[in-house]
1. When you check D85 against the structure, is it modelled with pLDDT of 95 or more, under 25 Å from R441 (Cα atoms) and among the charged types (D, E, K, R), yes or no?
2. Is it the case, given these coordinates, that I72 is part of a strand (DSSP E or B), within 28 Å of the chain's Cα centre (by Cα) and either modelled with pLDDT of 95 or more or under 23 Å from H387 (Cβ atoms) (or both)?
3. Just give me the residues in segment 120-136 being surrounded by fewer than 22 Cβ atoms within 10 Å (Cβ to Cβ) and assigned to a helix (DSSP H, G or I), in sequence order.
4. Starting from residues that are touching a Pro at 6+ places or on another chain (Cβ under 6 Å) and in contact (Cβ under 8 Å) with a residue 40 or more places away in the chain, keep the ones in segment 175-203 and report whichever is nearest to H162 (Cα to Cα).
5. For segment 4-27, which residues satisfy the criterion of being within 20 Å of P416 (Cβ to Cβ) and of a type in the set (S, T, N, Q)?
6. Can you name the number of the only condition in (1) over 23 Å from M173 (Cβ atoms); (2) touching a helix residue (DSSP H, G or I) at 6+ places or on another chain (Cβ under 9 Å); (3) open to solvent by less than 60 Å² (accessible area, probe 1.4 Å) that V363 fails?
Amino acid sequence: MLRGNKCIGIVKEIYSKWERRCPLTPSHVQQLVSQHGLRVLVQPSKKRVFADAEFEAAGAIVTEDLSDASVIFGVKQVPVGDLLDERTYVFFSHTIKAQPENMELLDTLLDKKIRLIDYECITAGGKRSAPRLVAFGEYAGKAGMIDTFRGMGERLLARGYHSPFLSIGSSYMYEDYRAGCQAVEAMGAQISKHGVPADFAPMTFVFTGNGNVSRGAQEVFKHAPHEMISPSELGSVDRDPYKLYGCVVEEEFMVKPKVETGEPFVRSDYYQHPEKYAPQFHEAIAPHMSMLVNCTYWDNRYPRLLTIEQLRELETTDRSRLIGVADISCDIGGSLEFLTRDSSIEDPFFLYDPVTGKTSDGVDGPGIFMLGVDILPSELPREASHHFGQLLTPFVPALATSDGQLGFSEQAETMPPEMHGAIITSHGELTPAYSYIAKMREEQERAQAQPLSSEELLSLEGSTVVQLNGHLYDTGLINQVLNLIENRGGRFSIVSQDVQANLMDDKEQVTSAAMIQITVDQGRTELEHLIAGISALARNTPYACLLYTSPSPRDS
């Protein structure tokens, strides 16, 4: 039933016991029923933050059977056994980077000829380079900041200090977001009266980026007595224990040009030419922060915010004041290389020891405390669901009447471009903008078949790491490069990939990246010849480039 029939469904979430969100709330259902004449089917759920009775009162039909619905909405991935043939599904699929754990889901979507729309891909005008329109990010920041205050209190206590932070619980422990903010205000009153432990003053909270996630975290932070300072002021603030200091750090303080020109920092140049920039966060910012609240998106085209070695050096040279890190982005091994695992809502904190590089459970012992929960908005399910539904609802009526039986290009005439651009599968095939996923899977399988591990490859003389940027999959460049390596008798291991769908009308955007470990048994001379061949392929491919990410053979 791919032809819209004005009947939509909402699934019950089973991804996690903590997943109590829903994509549309009863108030949104009431609007869709009364104003647009939609029929809404809702699967019953005893853990959903909105009761079944609330949906019924709004005009929905509560039923396990969603077979009458032409469009079915969820938050997280729907179990493969629950997917209905030839329907439109809308949820976070986590398939656009060919994530191995979700390839069975993708295969099932294709086999059942399901039209999949992924929230992560709903962007302004349907362009992959444009801002996302339907997301929970703001509430990740809000929930994460409340949890951060809790972690600070528990870590300081483990180090032998009482503090006002001890009065704070995790976000889910409060009735709603307002109650959580009131708790932060009460904590703030104690800071104003008694101060934070003097040994840790000034207590500085550094927020990376200024997007939705960061602004959500800052909103919570500002319920405490605070002073916002610029990055250039971090090293000279007063040791005032009766307030917190906040600092927003954006790209111009994270990196610096490798060659100083005296020109102002241009963010667009950094995005397009990251190879021209070197990291500076570890020198300019990290020595002065008490708490790092990481809110930025990162991929491996860019320098990391903090590496394992940079943090170790800060710690061993006694230049670190860092108490904890809240990686709200929860990007394991990403911009914060030392985030090597995630944590759970019920057990949100663990320790990382920069000296040994080891992690341990809880907050007792040497190291800095870490927060790395990947479903933080689930701690504020009511408000997060309402916020998400407000963004999603305007697209629902048109989607409920769109004709998925039409050819993919013709479907654009029956639905908003934002939704059409987010279609990943249609008629049992990947859509053109997402056809790269199949190629990614192929390359991952090829890499897994290589006889040597990455560690073994690194130990060989004729080995290096290169990075390819640009339109890698839609142009076929990645296949050409790997074929060239094999034809020259070399071996490869794909160290990492970051792929976002490259639309061919967005030529100026460089959105995909792949780091490849290359080894040839004949040594460095043959390796240089091979690198020259790869470079020639990249030069002849529009909007692609080759970078070295480890020293070239002649430099090492």
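1. Yes.
2. It is true that I72 is part of a strand (DSSP E or B), within 28 Å of the chain's Cα centre (by Cα) and either modelled with pLDDT of 95 or more or under 23 Å from H387 (Cβ atoms) (or both).
3. Correct list: E120, A124, G125, G126.
4. Across segment 175-203, the extreme among qualifying residues is V196.
5. N5
6. Only one criterion is unmet by V363, namely (1).
Yes/no matrix, rows are residues, columns are (1) open to solvent by 40 Å² or more (accessible area, probe 1.4 Å); (2) farther than 26 Å from A140 by Cα; (3) among the aromatic types (F, W, Y):
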residue	(1), (2), (3)
G216	no, no, no
K222	yes, no, no
V237	no, yes, no
K258	yes, yes, no
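Residue by residue, here is whether (1) open to solvent by 10 Å² or more (accessible area, probe 1.4 Å); (2) more than 28 Å from M1 (Cβ to Cβ); (3) within 23 Å of the chain's Cα centre (by Cα); (4) not hydroxyl-bearing (S, T, Y) holds:
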site	(1), (2), (3), (4)
G389	no, no, yes, yes
V396	no, no, no, yes
G404	no, no, no, yes
E413	yes, no, no, yes
E418	yes, no, yes, yes
H427	yes, no, no, yes
M440	no, yes, yes, yes
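The values are calculated or read from the model by the stated rules, or taken from the named source; none is laboratory data. Here the structure is a predicted model, which is why all the values come from computation and not from measurement. Note that each Cβ is placed from the backbone with ideal geometry, even for glycine, and that neighbours are counted across all protein chains shown. Each accessible area value is taken on the protein alone, full model and side chains, heavy atoms only, with ligands, DNA and RNA left out. Shrake-Rupley method; radii C 1.70, N 1.55, O 1.52, S 1.80 Å.
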